[in-house]
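Take a look at the structure below.
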Amino acid sequence: MNPARSKRGAPPSGHPLVAPGGGGVGSALPQAARSPGAPGWPWPLPALAAWALGWGCWIGLAAAGLAPGLALGAAVLAASALALRAQGRWRRLLAAGGFPLSLLALGSAPPPWVWLVLLVPLALAYPLRAWRDAPFFPTPAAALDGLEALVTLAPGARVLDAGCGLGHGLMALRRIWPQAQLAGVEWSAPLAALARWRCRSAAVRRGDMWLASWGGQDLVYLFQRPESMARAAAKAEREMARGAWLVSLEFEVPGRRADACLRREGRRPVWAYRVGFSSIEGGASR
């Protein structure tokens, strides 16, 4: 960490979106409490397996002479059961709905391999490694509105969107901090190129967010997965200056109490952690 960087002040006590004593409105729940039962498979394996199982059952049962309605029902049930291995409601829906939606889109005329061919451009634009790091959904345009009242950044502050995708997060950050120096890093080369074109005021490059240095950043923004938040927090503590901010849309850092939390009805929560200041769940502040 850079000891010469000045500290950022914490949000004022008594702020309507900050719990008394500096903690967030919500505290991070233990990981086991949020994900009961057996651990899910790494994404996107549940979706790929569910789609393949659905098509395999459909083709096999139809070839065996089973009535089309019964074959379809059995294939959908098999794919849906396997989709339960995914973590999170939206991923389960995506995994369960892939087979019936593809069948509906293709009808009975095109052979099943056409659907697999259509997945090739998606795999090139969004490689397996990127699927494992981040949700399949971009940052909504107004998702961060109001965060500037909780996290104070000086004009010209350096802000990084780690895993910026198509640049939706960069646009949301620009809405609330128009004078910030924005940067983004994205593993997918096509997505990084599109984000660079869409967000021309930001410095976007293709790279691995876990290997890229976060040193010198005043704030790092993430929209990742619950499973990767502990790793992100550890990286922030190692590389960022004391008083810098780690901000996450929707997903908390397990075992850590947020320094601020933006909650609005019908929208995902935004969790903010000050590097070197966030307290351990059930412990004292550092």
*Long-range HN-HN contacts of PHE277 with modeled amide H, under 5 Å*: GLY243
*For THR152 and LEU101, FRET efficiency with R0 = 45 Å and r from the beta-carbon atoms, rounded to 0.05?*
0.50
*What part of the accessible area of segment 153-286, given as a whole %, is carbon or sulfur when the probe is 1.4 angstrom?*
54
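If the viscosity is 1.567 mPa s and the temperature 4 °C, what Stokes-Einstein diffusion coefficient in µm²/s follows for segment 142-286 when Rh is the Kirkwood radius over Cα pairs?
On the way: Rh = 15.2 Å.
Taking Rh from Cα pairs, D becomes 85 µm²/s.
For a Förster distance of 51 Å, can you work out the FRET efficiency between the beta-carbons of SER213 and ALA67, rounded to the nearest 0.05? Before the final figure, lay out each step's value.
Details: r = 60 Å, r/R0 = 1.18.
In this case the efficiency is close to 0.25.
Estimate the FRET efficiency between GLU237 and ARG267 by the formula 1/(1 + (r/R0)^6), using the beta-carbon distance for r and 35 Å for R0, to the nearest 0.05.
Working: r = 28 Å, r/R0 = 0.80.
Between GLU237 and ARG267 the formula returns 0.80.
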*Can you give the accessible area of LEU66 in Å² (nearest 10), computed on protein heavy atoms with a 1.4 Å probe?*
70
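With every protein chain kept in place and ligands, DNA and RNA left out, what is the accessible area per residue of segment 127-242? Probe 1.4 Å, answer in Å². Walk me through the numbers before you get to the answer.
On the way: 4750 Å² over 116 residues.
Ligands and nucleic acids excluded, the figure is 41 Å² per residue.
The values are calculated or read from the model by the stated rules, or taken from the named source; none is laboratory data. Here the structure is a predicted model, which is why all the values come from computation and not from measurement. Glycine also receives a Cβ, built like all others from the backbone with ideal geometry; neighbour counts cover every protein chain displayed. Note: accessible area is taken over every heavy atom of the protein model, side chains too, but ligands, DNA and RNA are not part of it. Shrake-Rupley method; radii C 1.70, N 1.55, O 1.52, S 1.80 Å.
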